[in-house]
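Peer 1: One structure coming up, written as structure tokens, with questions to follow.
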Amino acid sequence: MKFRALGIVVCATALAACNPVTSKDAETARADLIVHSTDFAVLPCSKRSLPGACVHVLAGGKRVVFGAPAGMTLDMTQASLRNTDAVMLLSLRGEDIEGLDEMRNAAWRAGRESSLPVAGPSGTGEFLGLLNRAYEVSDALIYVEDRPAGGFDAALLALLPGDGEQVATVFDTGDLRISKFETGTDRAFYVVDYVDHTALIAGCGIQLPDSVTDGIDLVLDCESNWPTADPVFVFRDGVVN
């Protein structure tokens, strides 16, 4: 049975590519929660009150973070930091990006082995370049002193396709596809497609046309109460919620 839940705040938990895992992150409400690689789940970042929207989407063995407010990494385990596959920025405003440098640096120190891919509204590429340059000296010192497992280049933020485009596919593994939509402002919303099931994720301050939500299994925006304690499953163990 399909449902629409208006709202949530975007962050996550660990998920292996092939095997089910029991999430131990503080942002997960139940210590015994099991998310299989074939499930489609949304987990809140934290029980804490964060200044911006932040959730993790788990689907197809991937973990993608939507939103990057300050404090987004506080409740993430080392495995969650290390294995995040991408970050989707909801806007380039302070409340939606202030945690991106936290994520960049914490994931690198946790042993991330490659650059962290990021997508967002037009201008994201320039912003990532500035952020990477701002940390050049710090990166060099950390690399000399701590030797993170991924090597020097793993500290960098990498731009996903679609920067400057109003509509673009920014992440595609074959079974998990994420499309970005811009509305002429500095904000973006995303449609996440996984095995014929769909979620729409939008931050605050964006007007969604009614036609956009047609046929969507789960709508997450800021127009109503966003669950901050429990995970939301779009699709779990062969059942659509």
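The values are calculated or read from the model by the stated rules, or taken from the named source; none is laboratory data. Quantities reported herein were computed from a predicted structural model and do not represent experimental measurements. Backbone-built Cβ (ideal geometry, glycine too); neighbour counts: all protein chains shown. Remember, those area values only see protein heavy atoms, side chains included, never the ligands or the DNA or RNA. Shrake-Rupley method; radii C 1.70, N 1.55, O 1.52, S 1.80 Å.
Peer 1: How big is the stretch 61-119 on each of its three principal axes, counting only the C-alpha atoms and giving the largest first in Å?
Peer 2: 28, 21, 17
Peer 1: Restricting to Cα atoms and excluding each atom paired with itself, what does the Kirkwood estimate give for the stretch 84-219 in Å?
Peer 2: Evaluated over the stretch 84-219, this radius sits at 15.9 Å.
Peer 1: Right, another one. Kindly rank 171-181, 130-140, 61-71, 43-53 from highest to lowest mean number of other beta carbons found within 10 Å of each residue.
Peer 2: In decreasing order of mean packing, 171-181, 130-140, 61-71, 43-53 become 61-71, 43-53, 171-181, 130-140.
Peer 1: Which FRET efficiency, nearest 0.05, do Cys204 and Leu131 yield, Cβ-Cβ r, R0 22 Å?
Peer 2: My answer for the efficiency is 0.45.
Peer 1: Shifting gears a bit: With the Cα gyration tensor of the stretch 32-78 in hand, give its eigenvalues times 5 under a square root as the equivalent ellipsoid semi-axes, listed largest first in whole angstrom.
Peer 2: 20, 11, 9
Peer 1: P(r) for the stretch 32-162: what percent of alpha-carbon pairs falls in each 5 Å bin, starting at zero?
Peer 2: Once binned at 5 Å, the Cα pair distances of the stretch 32-162 give 2, 11, 21, 23, 21, 14, 6, 2, 0.
Peer 1: Order His36, His197, most accessible first, counting only protein heavy atoms with a 1.4 angstrom probe.
Peer 2: Solvent-accessible surface, decreasing: His36, His197.
Peer 1: Starting with the highest mean, order 200-206, 146-152 by the number of other Cβ atoms within 10 Å, averaged over the residues of each peptide.
Peer 2: 200-206, 146-152
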